[in-house]
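Peer 1: My questions all concern the structure below.
Values quoted throughout were computed directly from the atomic coordinates according to the rules given, and no laboratory measurement underlies them. Computed from a prediction, not measured in an experiment: that's the story for all the values here. Using ideal geometry, Cβ is built from the backbone for each residue, glycine included, and neighbour counts are taken over all protein chains shown.
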Amino acid sequence: MVCQDIEEKLQAAFNPSYLEVIDESYRHNVPVGSESHFKVVIISDKFVGERMLNRHRSVYGTLSAELAAGVHALALHTYTEKEWSELQDTVLASPACRGGNNIVA
């Protein structure tokens, strides 16, 4: 499963205190059973001092094989412990998919 592979790689690379990988493929115009759109919420102190862009680049680099093999979208929510506690454990919703209308279920 792609979702499990993502979880395992992120656990190994970031040692997160919290990790949630949500398959949001059902919200998009993709065939049933596709594992192509994911929301990732990851809280790790490895992000301390890193700008959001660098955090996302780190995650994309870690998941480069999955991105090359069919993962179409990652909605990334990357936080340090301090940032996460200030958000009171809330996460913004993933954006709506703007493409993929040529794929039929």
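Peer 1: Sticking with the crude label model, points 7 Å out along Cα→Cβ, report the distance from Asp23 to Glu50 in nm, one decimal please.
Peer 2: 2.6
Peer 1: For Ala68 and Glu83, compute 0.36 nm times the residue count separating them, minus their Cα-Cα distance, and round to one decimal in nm. Provide the component values of the computation, followed by the final result.
Peer 2: Numbers: separation 15, 0.36 × 15 = 5.40 nm, distance 3.06 nm.
Result for the pair: 2.3 nm of gain on full extension.
Peer 1: I need the peptides 46-53, 62-69 ranked by packing, meaning the mean over residues of other C-beta atoms within 10 angstrom, with the highest value on top. Each step should come with its number before you reach the end.
Peer 2: Values: 46-53: 12.4, 62-69: 14.0.
In descending order of packing, they fall as 62-69, 46-53.
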